[in-house]
Amino acid sequence: MSATKAALPPKQQLADTGRPVDRRRGSTVLRHLAVVLAVGLVLVGVSYAVEPFRNFQLATVAAYFCATAGLTVLTGLNGQLSLGHGALMATGAYTVALCQNAFADRGMTGGWLLPLSLVAAIVSTVAVGAVVGVAAARLRGPYLAGVTLAVAIVVPALAVTFDGVFNGEQGLSVPVEPPPLALGPYFPYERWQLWLTGAATLLALLLLANLIRSRYGRTFRAVRDDEVAARLAGIHVARTQVLAFVVSAATAGLGGALLAVLAQSVSPGAFSLTLSLFLLMAVVIGGLGRLTGALWGAVLLVALPDLTHSVTEMLTLSPAVAQRLEGNLPLAIFGLTLIVVMIAAPGGVQGLLSRLGRRLRARRS
């Protein structure tokens with residue numbers, strides 16, 4: 001090692017290419033990989049400890065987690081507001097449905113077919129996200145929200161318009177093969193769903209976590225904080241915004257595809273404008289800019305329907321009123337929760353937990 005190279009701190013030492021070497025980068029990747037493996041082992045253990053319905057709920061949380069994590073990167077880290085992520089999820093869901101039906105019609109079988117369909121769902125959503133991202137990079141504020149809002153309305157409407165391909169309001173079935181015979185003839189299907197969904201989600205989160213800690217994550221934050229300063233620093237603002245939208249679209253497409261696999265069906269009603277609003281409110285309530293906040297938002301998305309159903313069952317109402325209330329109550333609860341969180345904990349649930357943790361550590365010291 002030369003004297004000049006040895007004199008630099010580890011983070012600034014130069015490789016043979018002349019570029020600075022960040023020795024902490026490798027340790028960060030290994031730490032993220034260790035966390036993912038640990039969470040995966042915990043999920044496997046939990047899948048044996050809980051009943052099948054809880055396994056299905058955990059799998060649904062994992063699917064929503066993909067979408068909320070991507071939206072956190074887009075809105076929390078890059079500062080772009082999107083009201084159309086439900087449409088991006090629909091793109092991934094319909095793609096996996098079309099692929100799985102095409103494989104079934106040709107009599108193709110094998111464990112590699114579903115991963116191939118999921119990859120196709122991600123690719124198709126990336127293409128849609130790139131088109132929307134290019135348009136979004138030219139807009140700001142309410143204009144950006146308006147474009148993504150139009151996407152949220154148009155994409156589900158296409159499924160109704162081209163009913164010969166997408167089967168209109170009835171939607172499409174998503175044929176999925178049973179668990180491998182190696183797991184046993186009586187292996188619960190819900191447990192297999194959790195394993196599949198958890199593996200795909202953990203892989204996506206591993207990539208996102210490393211992306212956030214990389215120079216791309218730093219450019220996302222720089223553009224969010226001050227576009228003029230970022231441009232003066234040599235950052236291509238429009239390219240960075242398009243990249244953030246593409247990354248967010250890819251995870252949203254994966255989340256929608258996983259939801260379709262779990263439900264074994266897909267229809268326009270499952271990806272309405274309300275879902276896009278729920279996703280945005282969920283990441284705000286959970287904590288913008290943090291993947292752990294996206295997890296809290298995904299949990300809330302799954303727990304809210306059960307809470308709504310429990311509330312309507314406690315009230316003595318006519319069937320018509322109960323049905324109307326159950327349809328509108330989730331949005332009202334989400335809105336009320338959002339107001340309370342913004343007043344009591346502007347950083348969301350994760351921000352509140354972080355402050356409580358710091359206070360506890362301060363008292364112990």
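Hey, among the residues in the stretch 226-238 that are without any contact (Cβ under 8 Å) to a residue 12 or more places away in the chain and assigned to a helix (DSSP H, G or I), which one's nearest to Tyr64 (Cα to Cα)?
In this case the residue turns out to be Glu227.
Are there any helices (runs of 4 or more DSSP H) wholly within the stretch 49-136 with 1 or more residues that are at pLDDT below 95 and over 23 Å from Gly198 (Cα atoms), and if so which?
Details: elements: 52-71, 85-105, 113-136.
Helices (runs of 4 or more DSSP H) meeting the threshold: 85-105, 113-136.
Rundown of residues vs (1) at pLDDT 90 or above; (2) in a helix (DSSP H, G or I); (3) open to solvent by 20 Å² or more (accessible area, probe 1.4 Å); (4) under 18 Å from Ser124 (Cα atoms), yes/no style:
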| site | (1), (2), (3), (4) |
| --- | --- |
| Ala159 | no, yes, no, yes |
| Glu177 | no, no, yes, no |
| Leu194 | yes, yes, no, no |
| Ile212 | yes, yes, yes, no |
| Arg221 | yes, yes, yes, no |
| Gln241 | yes, yes, no, no |
| Val246 | yes, yes, yes, yes |
| Thr251 | yes, yes, no, yes |
| Leu258 | yes, yes, no, yes |
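Restricting to the stretch 46-98, and then to whatever is of a type in the set (Phe, Trp, Tyr) and under 21 Å from Leu277 (Cβ atoms), can you tell me which residue is farthest from the chain's Cα centre (by Cα)?
Tyr94
Select from the stretch 160-198 the residues that are within 18 Å of Gln100 (Cβ to Cβ) and of a type in the set (Val, Ile, Thr) and write down the one among them that is nearest to the chain's Cα centre (by Cα).
Thr197
The values are calculated or read from the model by the stated rules, or taken from the named source; none is laboratory data. Keep in mind that what you see is a predicted model, and the values were worked out from it rather than measured. Here Cβ is always computed from backbone atoms with ideal geometry, including for glycine, and neighbour counts include all displayed protein chains. Please note that ligands, DNA and RNA were not included when accessible areas were found on the heavy atoms of the full protein model with its side chains. Shrake-Rupley method; radii C 1.70, N 1.55, O 1.52, S 1.80 Å.
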